[in-house]
Every structure is written in structure tokens, then in C-alpha cells.
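No lab work stands behind these numbers, since they all come straight from the coordinates. Nothing here was measured: the structure is a model prediction, and the numbers come from that model. Glycine gets a Cβ as well: all are built from the backbone with ideal geometry, and neighbour counts include every protein chain shown.
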Amino acid sequence: MEGSRFVADYLCNSEPKWIILSEEATSASRAVADNASEAGIVILEIPPKLFSEISDTAHSQGIIAVCALPEIKENELKPEGTFLLLDGISDPGNTGTIIRSAAAFGCSCVIMGEGCCCPFTPKVTRASTGTNMKVPVLFDIDLPSFMLKNSDKCTFFGAEVSGGSIEQIRSSTGSIGIVIGSEAHGISEEVHERLDGTVSIHMKEGVESLNAAISASILLYIAKNQ
């Protein structure tokens, strides 16, 4: 996790394994590192050239937190309320934005199927503004199997261009799983077979489709206010 704001937010709830600080770190980054040091976290201060080899950003603030990945097991997670299932979402920017919206609209968890990008890469972390450490995220999950296990207590709606009315979400009761497929291929056939219905976001004529992250955000907002 890189950047003074992200690291400071993370320190409010958890402790990183250690913090790497550039000798040319900004004053804001040094202030964060000082607070972390007072809490007993190890600070590794290194030369700028070495730091730039580790850093993943073009204009770094000179601070990186190395964090343990959240340990969430599928059998420990209870999908309830509204939650997301991602099917083939491989773009880090889309993934991070979707997780950020999931946090904003009270999504209980994000279930990422096989073939999705890793939700804890630096690019996803930046796009999610660090919320990938706040919302429960399961990665590399067999979605059809997961949906079958939870079919008795959850209703699964898939987002499609030619899907049914969005009123299905508004009128639904109980837990809702919203499935977002890849922009290139849509929802896979195996996952589609497990859906209880499909929904479509109406758009102005001549616009083919919406970005996956935008679609997820709109549907989560509607589900939140059902």
C-alpha cells in the first residue's frame, strides 16, 4: 500500500508488517512514519534510487506499507444483504473502482471468480482508495459452485445489455447477489445458468454499453435504496 493517506487510513484499523520510507519522503509521509514508529512498527528507511525500484507510482510520496493479506475463507463468509460477484473482471482499475463502490453502498462482500485480477495489487489498492482492505473480498472462487451452495437463501441477478427490468432488484426481498461480467465477453455460460434473472440499465439510443465499474455502481446504489 503506497501513499501517505492510504497508509495513514490503514494505520487507523490495522498494523502493517513494516513501513518502507524513502530518504526523500515528503513531510506528510514522514509524519505518518513517525506515528507508526511510536506504535512499534518497524520503519525501513532506504535511498531514493532503491525506493524507486520498489515503488509502483510515477510520483511517489516516499512511503510504502507492507501488509498481510486479509485471511477470509469461503466457508466463514455469510453472503447477506447485497453483495457482488465478479465474473472475468481482469482490469485493475475496474476492479478497484467496483470495490470502492461496494464499500460506499454497504455491500456485504465481493466474490471474485476464477480469471479475475488479484484484488490486492498496488493498482487495485489505489483505484479502491484502500477499501479493498475494508470490504470482505474472496478471490479465485468457483462462482457456479458458490451460487449453487447459496441458491436457497440468495437471489442472483446478472447485469446484461438485453436483460430484464431493473425493478426486479427494487422489488426483491432477502439477500441479493449482483453478477458483473467482463466487458469483452459478458457473463460466462456456467455462471449464467445459475442466475435467477437478468437486469439491464436503460441508456440513450446509440450507446452500446456501460463500463463494468459504472454498471456495478449503479446497480449497487439501486439495491441499497430498494
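List the residue ranges in the chain for DSSP H helices whose C-alpha atoms run 15 angstrom or more along the long axis and whose Kyte-Doolittle average is 1.0 or above.
On the way: long enough: 27-38 (17 Å, -0.50); 92-104 (18 Å, 0.14); 212-224 (18 Å, 1.65).
Once both thresholds are applied, what remains is 212-224.
So what's region 4-66 giving for Cα Rg divided by 2.2 N^0.38 Å, two decimals? Write out the running numbers ahead of the final one.
Values: Rg = 10.6 Å, N = 63, 2.2 N^0.38 = 10.6 Å.
With N residues counted in region 4-66, Rg over 2.2 N^0.38 Å equals 1.00.
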- [ ] Rounded to the nearest Å, what's the spacing between the alpha carbon centres of region 181-211 and region 14-88? Just the number, please.
- [x] 35
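Count charges around ILE43 for me, please; just the other residues with Cβ under 11 Å from its Cβ, Lys/Arg as +1, Asp/Glu as -1.
Numbers: positive: ARG30; negative: ASP34, GLU38, GLU45.
Around ILE43, the charge tally is -2.
Compute the relative contact order of the chain as a whole-number percentage, counting only Cα pairs closer than 8 Å that sit 6 or more residues apart in sequence. Let's see the in-between values first.
Numbers: 432 pairs, mean separation 44.1, N = 226.
Computed value for the chain: 20 percent relative contact order.
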Task: Mean projected area in nm² (Cα convex hull; one quarter of hull surface) for the chain - done: 13.7
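So, counting K/R as plus one and D/E as minus one, what does the shell of residues with Cβ under 12 Å around ILE63 add up to?
Values: positive: ARG5, ARG30; negative: GLU2, GLU23, GLU24, ASP34, GLU45.
It works out to a net charge of -3.
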Task: Hypothetical label at GLU189: residues of region 136-167 whose amide nitrogen lies under 20 Å (7 Å Cα-Cβ projection) - done: 142-148, 158-163
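Between VAL207 and SER145, what length comes free when the chain is fully extended (0.36 nm per residue of separation minus the Cα-Cα distance, one decimal in nm)? Numbers along the way, then the final one.
Numbers: separation 62, 0.36 × 62 = 22.32 nm, distance 3.41 nm.
Difference between extended and current length: 18.9 nm.
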Open item on the list: Just to be sure I understand the model, the point goes 7 Å from the Cα along the line to the Cβ. What's the resulting SER14 to ASN225 distance in nm?
Closed with: 3.2
